[in-house]
Amino acid sequence: MDFNLILVLSLLAICVVMFILNKPRIDIVALMAIIALPLLGLVEFPDVLRGFGDQSIMLIALMFVVGEGLVRTGVSHNVGDWIVNKASGNETKLIVYLMIAVAVIGSVMSSTGIVAIFIPIVLSICAKLKISPSKLMMPLSFAGLISGMMSLVATPPNMVMNSALVREGIKGFGFFDFTPIGLIVLTVGVFYMLYAKRFLGSKDAVPKNAKKRTTLADFSRDYALGNRETLFVVKHGSPMIGKLLRDFSLNKDYATSLIAIERGRGLSRRLIEPNAATQIHADDAFLADTNGDIELIEKMAKDLLLTREELAGVRFDRAGAEIGMVEIMISPDSSLLEKSSIESKFRSTYGMNILGIRRNRKALKCDIANENFVAGDTLLLIGPWKNVSKLQAAQNDFVILNLPEEIDRAVAAPGKAPYAIGSVLFMVSLMITGAVPNALAAFIGCFLMICFKCINMENAYKSISWPSIILIIGMMPFATALEKTGGVTMAADALLAAFGDAGPRTVLAAIVVFTMITGLFISNTVTAVLLAPIAVASANMLNVSPYPFAMAIAIGASAAFMTPISSPVNTLVLVPGRYSFMDFVKVGVPFCLVVLLISVIFIPIFFPFEI
């Protein structure tokens, strides 16, 4: 064996050990490799830098931005609401809709990101329906991993394999080339999880030692809000249409203050913060805080031609992603002392309405608008989540005591969901048609999201997982070093010596298995980087198409179902699902065998071995 090959393998082994130990950080390990390989003369320095200009690396980074845009505009949370409505409390339907939704959304954003988004959604569904999170968390993680098999941009290993083909002078994969296999795995996966859920449901719906977070419903009870939550819809012919809010004395005449105005329906729906200059339109929905007097509420509806709807339980659930509550306490040295909310101009200053006041742990039932604040008073406020930052900047006047768990659903860019969806669809259409390179299509998609204010530049930079990017760049020179020192040829020879006589389908099966096993110890992206040249070399030696073997590595890299540490996706659901290590083994290992069987049968059908 060549001395340089021994050196490369030794350095690679050291990196793998550090990856397993997670010491030091993975990006530090990658930087060490970037420095060591050229210093030892194993690769030329330009080869090390090539990764920084690789289109696949740019594409991976840009897809982080696209995913963040979908999160900030509330698209993902809207899908969660859709799942709840469609399932209608049926556990089987929940699993089906959950896995389909996660797989579809995950096809254009990070699988780790989509699972992280859906964890609080799934937990809230479980709490509402009183079912164990263990029934849904593993289907969630499996769907997140399967989403990596749905499109070219769904996961870095797909883009790594595409880049490997392009470097060999071969046409890369198309955007939907992965989709047929992914759909088959998803379909089988849904049925598999419907069967496997019986092995995951022994845990309590709520752990006995769990610390309960405050909810909007808790606030409503503690401050005795009762029937004050009301929704008014402006009828056609209402005297309010076309006029400004200042033209009506809602507070004085009807003891009602508007929290927000909902305008439009579906994707065009937006929430407006009301002020004196706000013009009223037909079909506007007023999210209102009343004094609970039914006669006065009905009089307002009659006088102004409004349709009245009562909101029970969680306040304004339809707008919960944009509007919520926060509990604060007046400080002893606050400038608000001995002033009422009207005198202190609380709403105009902080953009929040005062719903209730508690003094000595009792909710006041007086006219809170004119009640003077006393040190130690706790106030319940309602308004846009974005205005909470204004409260945090005024810590001298009060202390924020409690934020409800619904803040996890807060949308940073309300009303921008249609633009985010449109940007993604346009980006995907460019990728499908091949009108421009995939990386350029992603640039255009990100640019549109920034122009439409779905995401700003600061959050775009923050959304990129730079350690992951550095990790991929740092490991790419290993593939070059292994090729130059004969390591790739040696590995391909060993693979073909063991399985070559049995035919290319057996070699494909061996590649899938080897990829799955390697992925147990190092990240699936690094696995793809290291095995990509072996797949191409093996295809060349067998004189068959490289596409089946490249697809086999991509599918095997995404099939990280076996243990909770096989993928960050599994690790994310381990605690909220209250799983043990063996839960993943007993459910994940059989499904890996299912994926292996699907790969061996269907990859050669969609990607024939014949050149």
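Each reported figure results from applying straightforward, stated rules to the coordinates on display, with no laboratory input. Note that the structure is a prediction, hence the values are computed from the model and not measured. Cβ placement follows ideal geometry from the backbone for every residue including glycine, while neighbour counts extend to all protein chains displayed.
Summary of computed values
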{"read-out": "Dipole-positive endmost among Met138, Thr433, Asn360 within the chain (Cβ charges, Cα centre)", "value": "Asn360"}
{"read-out": "14 Å cut-off, amide nitrogen to a point 7 angstrom out along Val104 Cα→Cβ, residues in the range 417-438", "value": "421, 425"}
{"read-out": "Tyr195 paired with Thr506, simple spin-label distance in nm, labels 7 Å along Cα-to-beta-carbon", "value": "2.8 nm"}
{"read-out": "Principal-axis tilt of helix 111-129 within the chain, Cα atoms, nearest 10 degrees", "value": "50 degrees"}
{"read-out": "Label corresponding to semi-axes √(5λ) of the Cα gyration tensor in Å when calculated from the structure given, among [x] 54, 24, 23; [y] 50, 26, 24; [z] 56, 37, 20", "value": "[x]"}
{"read-out": "FRET efficiency, Thr187 to Arg265 (Cβ-Cβ, R0 41 Å, nearest 0.05)", "value": "0.80"}
{"read-out": "Considering only the chain, percent of DSSP beta bridges that pair antiparallel, nearest 5", "value": "95 percent"}
{"read-out": "Neighbour-count order for Ile146, Ile6, fewest beta carbons within 10 angstrom listed first", "value": "Ile6, Ile146"}
{"read-out": "Percentage relative contact order, the chain, counting C-alpha pairs under 8 Å, at least six apart", "value": "20 percent"}
{"read-out": "Residue-count net charge about Met240 - beta-carbon cut-off 11 Å; Lys, Arg +1, Asp, Glu -1", "value": "-1"}
{"read-out": "Relative contact order [Cα under 8 Å, 6+ residues apart], the range 323-403, whole percent", "value": "51 percent"}
{"read-out": "Cβ crowding within 10 Å averaged over residues, with 490-503, 587-600, 547-560 ranked highest first", "value": "547-560, 587-600, 490-503"}
{"read-out": "Contour minus Cα-Cα distance for Val166 and Val600 (0.36 nm per residue)", "value": "153.8 nm"}
{"read-out": "Rounded if a/c under 1.5, otherwise prolate or oblate - the range 60-102, Cα gyration tensor axes", "value": "oblate"}
{"read-out": "Nearest 10 degrees, 0 to 90: helix 438-451 Cα axis against the chain principal axis", "value": "10 degrees"}
{"read-out": "5 angstrom amide H check on Asp377, placed H, neighbours 5+ away", "value": "Ile330"}
{"read-out": "Environment charge of Arg359, counting only residues whose C-beta is closer than 12 Å and scoring Lys/Arg +1, Asp/Glu -1", "value": "+2"}
{"read-out": "Amide proton proximity set for Leu401, modelled H, under 5 Å, gap of 5+", "value": "Glu327, Ile328, Met329"}
{"read-out": "Net charge of Cβ neighbours under 15 Å - reference Lys299; Lys, Arg +1; Asp, Glu -1", "value": "-2"}
{"read-out": "Overall form of the range 323-403 per C-alpha gyration tensor (a/c, 1.5; a/b vs b/c)", "value": "rounded"}
{"read-out": "Förster radius 35 Å - calculated FRET efficiency between Lys302 and Ser348 (Cβ-Cβ, nearest 0.05)", "value": "0.70"}
{"read-out": "Angle in degrees between helix 524-542 and the longest Cα principal axis of the chain, rounded to the nearest 10", "value": "30 degrees"}
{"read-out": "Contour minus Cα-Cα distance for Lys23 and Glu371 (0.36 nm per residue)", "value": "119.5 nm"}
{"read-out": "Cβ-Cβ FRET estimate between Thr278 and Ala13, R0 fixed at 51 Å, reported to 0.05", "value": "0.15"}
